[in-house]
Amino acid sequence: MLLNSKGKHRRPSKATRIATLAGVTGAAVAIPLMGATNASAASVETWDAVAQCESGGNWSINTGNGYYGGLQFSQSSWAAAGGTQYASRADLASKDQQIAAAEKLLDLQGPGAWACAGAGGLTNDGVDPGVNTGSGSGESKPEQAQPERQAEQPTTRSEQREAPKAESKKTVTTPTGDKVQKGDGEYKVKAGDTLSTIAEAEDVKGGWSKLFELNDDIVKEADLIFPGQQLHLK
């Protein structure tokens, strides 16, 4: 339950630990609960100060230590304070929603529920923070952004489709998957061709060396041509 030392929303403060070690078990717990039945509230500025101490002011933090969000809710405290109506975990809720849940936890346990209550000056001052819990949780943010991404996708995909088509007109793919220049000559290389056999079959004056010279822009090595390349014969 929330109303005992194990039910603390956050790890106990230094003062609580000292009191417990001194043999007055439960005394430190009773202090936060004093006045807990009264309506409790704190300003947004106060919660910001508590969050700055608890999490460095990162309202979406999740370090995997079992505490979530700017005010470092444990999962049980988040549920007990009604936070699950906003998001499954505190770090997935908006700042306003986390503060709204914190207000309920403040009413249940008092300022002592937070180890950083003193650093943030957290008290039951009755100030209404005026937060807007309808601002949307962190879980809904991707859905809000989705229409923008969808609008961009057709253009991006179209560009991706166009690039290979443009490239395929100028290059051929080798057996190893590399791209080489295709060329625009009148002879299309077939499997098994060499510069020598092409020069002989097409009666190229100057033989394979002339053929190599005519196509040195796409043929980098005389003994390495690829099917699909188009060679100039003159």
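The values are calculated or read from the model by the stated rules, or taken from the named source; none is laboratory data. Keep in mind it's a predicted model, so treat the numbers as computed, not measured. Here the Cβ is made from the backbone with ideal geometry for all residues, glycine too, and neighbour counts use every protein chain on show. Ligands, DNA and RNA are stripped out before the accessible areas are found, and what is left, the full protein with its side chains, is counted by its heavy atoms. Shrake-Rupley method; radii C 1.70, N 1.55, O 1.52, S 1.80 Å.
When nucleic acids and ligands are ignored and a 1.4 Å probe is applied, Leu108 ends up with an accessible area of around 70 Å².
Between Gln52 and Ser209, the distance separating the two model label sites (each 7 Å from Cα on the Cα→Cβ line) works out to 8.2 nm. Segment Lys220..Thr84, full-extension length gain: 42.3 nm, with 0.36 nm per residue of separation and the alpha-carbon distance subtracted. Between Ser43 and Asn62, the modelled labels are 3.3 nm apart [label points 7 Å from Cα along Cα→Cβ].
Annotation: extensible slack from Lys234 through Asn132 equals 28.9 nm (criterion: 0.36 nm per residue apart, minus Cα-Cα distance). Using heavy atoms of the protein chains and a probe of 1.4 Å, the accessible area assigned to Ser88 is about 50 Å².
Per-residue accessible area (protein heavy atoms, 1.4 Å probe) orders Lys182, Lys190, Lys220, Lys234 as Lys234, Lys220, Lys190, Lys182, starting from the largest.
Applying a DSSP loop filter and a limit of 14 other Cβ atoms within 10 Å to the trypsin sites (Lys or Arg not before Pro) in region 70-118 leaves nothing.
Relative to the current alpha-carbon distance between Asp184 and Glu200, full extension at 0.36 nm per residue lengthens the span by 3.7 nm. Each of Ala191 and Gln75 was given a label point 7 Å from its Cα along the Cα-to-Cβ line. The distance between the two points is 5.8 nm.
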